[in-house]
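Trainee: For reference, the structure I am asking about is given below.
The values are calculated or read from the model by the stated rules, or taken from the named source; none is laboratory data. Here the structure is a predicted model, which means the values were calculated and not measured. For neighbour counting, all protein chains shown are included, and Cβ atoms are generated from backbone atoms with ideal geometry for every residue, glycine included.
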Amino acid sequence: MAGPAQAVPMACTDEELALGVCATFVTTSDSDPLTEATRALVQQGKTAQARTLLATTSASPTELARARSVLTEPDPEPSGEVNSGTAPGRAGPRARYVDDWQWELDDTATYGYCSSKGCQAVGSAKIGVWHDLHWYGDLGPGVAGTFQVQSGPAVQFTTLSCKTYYEVFPFDQMLKDWNNCRAAGYSGYTKVRQIDWADWRQGSAVGTQYHLEVTVKFAVQGGGSFSGLWNSNSYKIFTRSSARFIH
């Protein structure tokens with residue numbers, strides 16, 4: 001968990017980042033800073049720095065065990081569960097949600113730094129991505145969303161991507177890189193960014209499975225670069241004109 005507030009906000013120098021004695025994290029409602037800092041390093045191919053971070057940081061045995069598990073399995077679990085509430089963009093938040101035809105991520109991303117002193121948050125943002133399969137036979141999947149800073153400085157996107165992956169042994173294959181997500185990613189420092197709606201006529205074989213991978217990388221005004229990655233639930237093509245999310 002993030003440590004108590006400090007008089008001077010924690011930050012990482014370029015040298016500390018290179019060595020792995022300090023790292024950035026992005027967490028959501030069901031993840032912890034040290035685990036996500038470790039995950040971010042491993043996904044960037046910086047396993048040595050991740051091991052250094054875990055060897056030098058102050059954390060409980062439970063937190064360390066959870067973070068170490070990411071060294072061998074860095075991919076996050078699908079971000080979706082069946083629940084009730086109000087859909088994103090309407091009367092109120094619904095958090096993460098999945099049903100047969102919708103996967104919706106509407107969650108708070110908290111970002112900050114981890115070092116030997118522990119982990120400290122420096123800001124938070126609301127990320128909302130909506131992946132629908134309605135009208136599959138005519139239009140295929142659709143993607144839209146928003147990214148809004150709730151606290152902390154304005155951010156500048158370096159990458160905001162949505163990629164559809166074909167789940168096939170032994171490695172998932174990237175099938176679609178959504179231009180509407182990338183178009184939302186490149187801007188000046190801002191408190192909000194809109195992912196305009198787009199559809200894609202996928203037309204895949206019956207029985208095949210796919211999922212959406214969402215990557216957000218951003219720099220904050222005043223210094224610091226952060227990244228987060230979310231996987232949607234898998235969806236399966238049931239007939240030539242229908243597909244459903246697995247939940």
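Trainee: Just checking, how many residues over region 44-72 are assigned to a loop (DSSP other than H, G, I, E, B) and under 15 Å from C119 (Cβ atoms)?
Mentor: Residues flagged as assigned to a loop (DSSP other than H, G, I, E, B) and under 15 Å from C119 (Cβ atoms) within region 44-72 amount to 5.
Trainee: Further, regarding this structure: Starting from region 1-22, keep only residues that are modelled with pLDDT of 80 or more, then list their pairs with residues that are assigned to a loop (DSSP other than H, G, I, E, B) whose Cβ atoms are within a distance under 6 Å, requiring at least 6 positions of separation or different chains.
Mentor: Close Cβ pairs (under 6 Å, with a partner that is assigned to a loop (DSSP other than H, G, I, E, B)) amount to C22/C12.
Trainee: Can you find a residue that is touching a helix residue (DSSP H, G or I) at 6+ places or on another chain (Cβ under 8 Å), surrounded by fewer than 24 Cβ atoms within 10 Å (Cβ to Cβ), over 22 Å from G223 (Cβ atoms) and not β-branched (V, I, T) anywhere in region 140-163?
Mentor: yes
Trainee: Evaluate the following for K176: is it under 15 Å from the mean Cα position of the chain (by Cα) and within 24 Å of H211 (Cα to Cα)?
Mentor: When the stated conditions are applied, K176 does not pass them.
Trainee: Can you list the strands (runs of 3 or more DSSP E) lying wholly within region 155-236 that have 1 or more residues being more than 24 Å from T24 (Cβ to Cβ)?
Mentor: Because the criterion is at least 1 residues that are more than 24 Å from T24 (Cβ to Cβ), the strands (runs of 3 or more DSSP E) in region 155-236 that meet it are 155-166, 173-177, 192-199, 209-220.
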